[in-house]
Every structure is written in structure tokens, then in C-alpha cells.
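The structure appears below as C-alpha cells.
Each value in this text was obtained by applying a stated rule to the coordinates, not by laboratory testing. From a predicted model like this one, the values you see are computed outputs, not experimental measurements. Methodologically, a virtual Cβ is constructed for each residue, glycine included, from the backbone with ideal geometry; neighbour enumeration extends over all protein chains shown.
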Amino acid sequence: MSGSETLLLEHDGAVAIVTINRPEKRTALNAQVRAELVAVLDALRDDASVRVLVITGAGDRAFVAGADIGEFAERTPLEQRAAMTGRRVFDEVAAYPKPVVAMINGFCLGGGCELALGCDVRIAADTARFGQPEVNLGIIPGGGGTQRLPRIVGMGQAMRLVLSGELIDAAEALRIGLADVVHPAADLRARTLEFARGMAAKSPVALRMAKSAVRAAAEMPLGAGLHYETELFVTAFASDDKREGVAAFLEKRPAEFTGR
Ligand code: COA
């Protein structure tokens with residue numbers, strides 16, 4: 001296991017597991033955690049041995065309990081704006097060329113929920129709790145929550161969570177589409193890794209294109225999105241992975257994708 005001061009980095013085959021390691025602060029996101037997350041994403045971006053990322057929190061209490069409240073408590077608007085410029089981890093995971101899975105092991109609040117919303121798939125323990133409690137502090141979500149949450153759960157449920165600050169349990173998160181899958185807490189890691197390994201066995205070229213195409217659905221009008229999908233679809237035909245995937249099917253053998 002390697003990593004940085006606030007992150008642990010493990011490799012399970014082609015799956016990299018990034019654990020935010022501040023359990024005593026319920027994994028709250030301070031500037032150091034955010035910078036180290038961006039750095040680990042950079043380090044793994046062009047590493048062909050890593051095909052899927054899993055992000056989680058250390059311990060069994062919190063995935064991420066939000067932005068570090070102590071850090072911004074005394075900030076002026078200008079200081080806060082300065083702290084929010086530059087690369088933002090929420091956007092980095094959303095635009096990442098490899099799938100990023102949020103393995104939600106506990107409280108998933110505020111900036112933690114926004115980090116999960118930036119990820120591609122949210123897999124939660126049945127003990128996890130979700131919410132955007134910023135209104136309790138007299139602020140609003142600032143890590144993309146007001147935009148990504150309604151795109152994922154719909155306007156009504158997003159309003160309900162953002163305006164009430166109410167926490168919901170994993171079953172409720174699953175029902176409204178905030179969690180995509182829920183497992184008993186004891187099985188969360190094994191089941192999430194099983195899912196991630198399955199993705200990691202697919203073509204990296206196809207994964208990159210598929211993520212980009214699905215992401216476009218939240219950004220483009222339907223006609224432009226369908227056009228974009230077609231362009232990516234035909235481009236996939238230029239890849240070794242497409243030749244290998246089709247050949248493997250016809251030859252009734254498992255495909256071995258190279259990511260080219
Ligand atoms: N920022 C900074 N510190 C945080 C934090 C946050 N978002 N969330 C938790 N902590 C700290 C607590 O201050 C406490 O520190 P201390 O031991 O030095 O006093 C420590 O983490 C443990 O928190 P505690 O409240 O005792 O744990 P809990 O398990 O009883 O409750 C939460 C967990 C997450 C429900 C609760 O800590 C909480 O409501 N946190 C704030 C959530 C929030 O508003 N997030 C949005 C921020 S914009």
C-alpha cells in the first residue's frame with residue numbers, strides 16, 4: 001500500500017483503490033485532501049495498469065462528511081473564491097478517462113455527496129447516510145451539488161435534500177437513485193471490488209468512450225448527443241480492442257484487451 005499523507009493507495013489487479021484517510025475528522029475534505037486527490041488522479045491517468053478507480057473513506061463511519069468546516073469558518077468571500085479556483089476534484093472525477101466508483105462506507109454528506117455525484121457509479125453500504133446539509137450552516141452546496149444532484153435524482157428530490165438538509169439512509173438513497181447499488185456493510189468492499197474488476201476486464205477504449213458518451217447526456221441537447229454517440233461508435237471501430245472483442249466472441253474465448 002502506498003499513497004500520500006491523507007490518502008492510501010492500493011492496487012487490486014487493474015483496480016486502484018484510493019482511501020481518504022482522515023477517520024478522526026470523518027474524512028472531511030480539506031485543501032490537502034483535495035490536492036492529494038487531484039494528484040493521485042493525475043498519477044493514475046496514464047498508467048495503463050490501472051483501468052478502474054474506487055474512492056472510499058477510511059474506517060466504517062464516513063465516506064466523506066463534507067468540506068472541512070473548520071477550514072472555511074473564518075474565510076471572507078474573496079478568500080473562499082481563491083480556495084475554489086483551480087482544478088476541482090468533483091469535476092476531475094467526472095471528466096476522468098477511466099471509470100471512477102464511489103464506495104460509500106458511511107456518512108456521505110455535503111462535499112462528500114458531491115464527490116460521490118461526480119463519480120460514475122455509487123455503491124453504498126446499507127449503513128451509509130446521505131445528505132446535503134449545507135443549509136444548516138447558512139451556505140449552499142458548492143462542489144456541483146446543485147447541478148449534479150437534480151440531474152441524477154430529479155429536480156424534486158434534489159430540492160428536498162438541498163432545501164431541508166435532511167439526511168437519508170441507504171435504502172432511501174437507492175430508491176431515489178442517489179445510490180446505484182446497496183450492499184450489507186460487511187460485504188461492501190468485496191462486492192464493490194467484484195464489480196470494479198468486471199469493468200476493468202473490459203476494453204479501456206470502450207470504457208473511455210462509453211463514459212464520455214453517457215456524460216454527454218447531461219450536457220448536450222438530444223440531437224447533439226446522438227450525433228456524438230455515433231461519432232464515438234464509429235471511432236471505436238478503429239481500435240485493436242474492437243477487433244479483439246469481436247474476434248474473441250466469434251472464437252468463443254475471453255477477450256484480452258490492450259486499451260489500444
Ligand atoms: N468538517 C470538519 N470536521 C468535521 C466534519 C466536517 N465536515 N465532520 C465531522 N468533523 C469532525 C468533528 O468536528 C469531530 O472533531 P473533534 O473530534 O475534533 O471534535 C470529528 O470529526 C468527529 O465528528 P462527530 O460529530 O463527533 O462524529 P459523529 O460520528 O457523531 O457524527 C457527522 C458524524 C458526520 C454526522 C457529524 O460530524 C456532522 O454532522 N458533520 C458535519 C457534516 C456537514 O455539515 N457537512 C457539510 C459541510 S459543508
Notebook entry, point to check: Out of L167, A218, S239, whose Cα points farthest toward the positive end of the dipole of the chain (charges: +1 Lys, Arg; -1 Asp, Glu; placed on Cβ)?
Noted result: S239
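Restricting things to Cα coordinates, could you compute the convex hull volume per residue of the chain in Å³? It would help to have the intermediate numbers written out before the result.
Details: hull volume 35.9 nm³, N = 260.
With only Cα atoms used, the chain gives 138 Å³ per residue.
With only Lys, Arg, Asp and Glu charged, each at its Cβ (+1 for the first two, -1 for the last two), find how big the charge dipole of the range 1-104 is about the Cα centre; round to the nearest 20 debye.
Working: 12 positive and 15 negative charges, 52 e Å.
Using only the charged Cβ atoms, the result is roughly 260 debye.
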Note to self: Below 17 Å, Cα to Cα, which lysines can K211 reach? Residues fewer than 8 away in the same chain don't count.
What the structure shows: K98, K202, K242
Check: What shape does the range 32-82 take by its C-alpha gyration tensor, where a ≥ b ≥ c are the square roots of the eigenvalues and a/c under 1.5 counts as rounded, a/b above b/c as prolate, and the rest as oblate?
Finding: oblate
Checklist line | Nearest 10 degrees, 0 to 90: helix 204-216 Cα axis against the chain principal axis | finding: 50 degrees
Item checked: Selection from C108, L78, A95, by position along the positive dipole direction of the chain (Cβ) -> A95
Check: If you put +1 on each Lys and Arg Cβ and -1 on each Asp and Glu Cβ, how big is the dipole of the chain around its Cα centre, in Debye rounded to 20?
Finding: 380 debye
Checklist line | Cα gyration tensor category, rounded, prolate or oblate, for the range 1-91 with a/c compared to 1.5 | finding: oblate
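Once you order the gyration tensor axes a ≥ b ≥ c over the Cα atoms, which shape class does the range 174-260 get: rounded for a/c under 1.5, otherwise prolate or oblate by comparing a/b with b/c? If you can, show how the numbers build up before the last one.
Details: a/c = 3.05, a/b = 1.16, b/c = 2.63.
In terms of gyration-tensor shape, oblate.
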Note to self: Using helices alone, I'd like the mean residue ellipticity at 222 nm for the chain: each DSSP H run of four-plus residues gives -39500 (n - 2.57), total over residue count, nearest 500.
What the structure shows: -13500 deg cm²/dmol
